[in-house]
Amino acid sequence: MLFRELNLGKCKTYLIACENSNRAILVDPVREMIDRYLSLLAYCQLRLDDVIDTHTHADHRTATFELKALTGANVIMHRRAPAPGVDIHVDDGETLTVGDLSVKFFHTPGHTPDSMSLYVNGKVLTGDTLLIRGTGRCDFAGGDAGAQYEAITQKIFQLPDETEVFPAHDYRGNTMSTVGDEKKLNPRVAGKTKEAYIDIMNNLGLPLPDKIQEVLQPNQTALDDDRIAFPSLAELNQVRQLSPGDVQTLLSAPTPPLLLDVREPTEYSGELGHIAGSILIPLKELPTRASEIEGHKNRHVVAICRSGVRSTTAAAILTGLGFEQVSNLRGGMVDWNDQKLPVTR
Ligand SMILES: [Fe+2]
């Protein structure tokens with residue numbers, strides 16, 4: 001196995017390759033470094049099979065979609081990843097074959113709902129879940145400190161103590177640790193109860209990263225900034241969130257809401273299906289096609305997507321366009337399906 005961190009900085013990208021078959025994957029590639037990745041792959045005569053993001057990043061633009069366009073590699077993310085264009089959605093316990101290598105995925109939510117860790121040949125790539133002597137912050141939308149504590153202690157810390165730990169970030173110049181060392185020395189987790197951990201994480205008082213919305217929203221939607229005017233964080237936070245059960249109840253009321261699905265057509269008719277009666281206008285077309293539903297400005301509109309992130313953006317856009325009562329289906333069609341509510345394809 002060839003294993004290298006390629007950015008040599010605070011933000012880590014890992015190359016993993018099978019030297020027998022020359023098959024390779026990249027984990028958490030960064031957009032500014034695409035030329036370097038392609039040069040190295042060519043120099044080492046490796047074929048890029050897959051590009052994987054351990055989660056939807058808030059601090060850098062992902063390179064996965066451009067690498068897919070340039071090389072034909074598959075984009076792999078957790079099934080709760082919000083962006084369209086992901087080729088393979090994976091869930092806890094699934095494996096990926098790369099030549100002679102087997103990569104196992106662990107769902108390790110908390111930093112984001114779609115965070116996962118990857119285990120291969122005695123190494124675990126922990127994304128922004130477990131960092132070296134630290135853990136990833138849980139205060140962004142969808143963050144959950146309790147879930148992160150469970151993921152670290154019940155999944156990552158169940159691996160053998162000698163397992164090498166490679167995080168997605170390190171701000172102190174560390175390059176690796178081990179599960180055993182983190183169990184003993186990680187100040188946030190070692191000897192801490194779940195309640196104590198939640199308390200620590202809720203009181204970090206970290207400032208939001210610069211330009212978080214300018215980075216996060218394109219990563220969540222796979223749209224470039226100039227194709228859509230994204231709402232502000234304040235506008236997004238004002239969107240009313242409804243559970244799948246709430247929406248199902250509203251649908252059987254005498255005046256049901258208008259259901260607006262903002263995914264891509266392939267997703268609308270794909271594995272998750274859609275809710276009967278919903279109208280499809282993909283998010284990227286919403287600013288120009290909102291006039292098609294203008295007659296419903298006074299009606300309750302519920303926006304729907306894969307995991308509830310793109311549709312929150314859509315709901316904020318519609319509110320900005322003067323729609324009076326717009327809500328979001330929380331957790332999107334992933335949660336709707338998980339709750340076994342009816343879908344059509
Ligand atoms: Fe992150």
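Listed peptides 308-320, 238-250 appear in the order 308-320, 238-250 once ranked by packing, highest mean of other Cβ atoms within 10 Å at the front.
Take each peptide in 295-304, 118-127, count the other Cβ atoms within 10 Å of every residue, and average; sorted highest first, the result is 118-127, 295-304. Pull out a ≥ b ≥ c, the square roots of the eigenvalues of the alpha-carbon gyration tensor of the range 49-96, then state rounded if a/c is under 1.5, prolate if not and a/b is larger than b/c, and oblate in the remaining case. Oblate is the answer for the range 49-96, as a/c is 1.5 or above yet b/c matches or exceeds a/b.
Checking the cross-link pairs K104/K183; K194/K340; K68/K104; K155/K184; K12/K211; K12/K284 against a 25 Å limit on the alpha carbon distance flags K194/K340; K12/K284 as lying beyond it.
Here the label points at Q241 and K104, each 7 Å from Cα along the C-beta direction, are separated by 3.1 nm in the simple model. Per residue, the Cα convex hull of the chain amounts to 137 Å³.
Relative contact order of the range 254-316, please, whole-number percent, based on alpha carbon pairs below 8 angstrom and at least 6 residues apart.
45
Counting only protein heavy atoms and a probe of 1.4 Å, the accessible surface of the chain is 49% carbon and sulfur. Using a 7 Å offset from Cα along Cα-Cβ at E5, what residues in the range 165-181 end up with backbone N under 11 Å from the label point? Once the point is set 7 Å along Cα→Cβ of E5, 165-177 turn out to lie under 11 Å by backbone N, inside the range 165-181. For the range 244-345, the solvent-accessible area works out to 42 Å² per residue, with a probe of 1.4 Å and every protein chain left in place. Ranking T319, L6, T64 by Cα position along the charge dipole of the chain, where only Lys, Arg, Asp and Glu carry charges on their C-beta atoms, puts T319 farthest toward the positive end. The calculated P(r) of the range 1-152, using every Cα pair and 10 Å bins from 0, goes 11, 44, 36, 8, 0 in percent. Alpha-carbon geometry of the range 280-329: the Rg and the Dmax are 9.7, 27 Å, given in that order. Basic side chains Lys and Arg get +1 at the Cβ, acidic Asp and Glu get -1 at the Cβ, and with that the dipole of the chain about its Cα centre reaches some 220 debye. With a ≥ b ≥ c taken as the square roots of the eigenvalues of the C-alpha gyration tensor of the range 234-345, please select rounded if a/c is under 1.5 and otherwise prolate if a/b is larger than b/c or oblate if it is not? The shape class here is rounded. Accessible surface area normalised per residue over the range 1-119 is 39 Å², counting heavy atoms of protein chains with a 1.4 Å rolling probe. For the range 92-165, the percent of C-alpha pairs falling in each 10 Å distance bin, counted from 0 to the bin holding the largest distance, reads 21, 53, 23, 4. In the chain, the DSSP-assigned H stretches of four residues or longer account for a calculated mean residue ellipticity at 222 nm of -7000 deg cm²/dmol, using -39500 (n - 2.57) per stretch and the full residue count as denominator. In terms of its C-alpha gyration tensor, the range 156-209 comes out oblate, because a/c is 1.5 or above while a/b does not outweigh b/c.
Under a plain spin-label model, where a point goes 7 Å from the Cα along Cα-to-Cβ, how far apart in nm are A69 and Q154? Label at A69, label at Q154, 4.0 nm between them.
Backbone phi angles across the range 166-172, fed through the Karplus curve with coefficients 6.51, -1.76 and 1.60 (θ = phi - 60°), yield HN-Hα couplings of 10, x, 7, 9, 8, 9, 10 Hz in residue order; Gly and Pro are listed as x.
Label separation (K340 vs N203): 4.3 nm, computed from points 7 Å beyond Cα along the C-beta direction.
Under 8 Å for C-alpha pairs, at least 6 residues apart: give me the relative contact order for the chain, rounded to a whole percent.
Working: 715 pairs, mean separation 43.8, N = 345.
This gives 13 percent for the chain.
The values are calculated or read from the model by the stated rules, or taken from the named source; none is laboratory data. Being a predicted model, the structure only gives us computed values, none of them experimental. We place every Cβ from the backbone using ideal geometry, glycine too, and count neighbours over all the protein chains shown. Note: areas computed on protein heavy atoms with side chains; ligands, DNA, RNA excluded. Shrake-Rupley method; radii C 1.70, N 1.55, O 1.52, S 1.80 Å.
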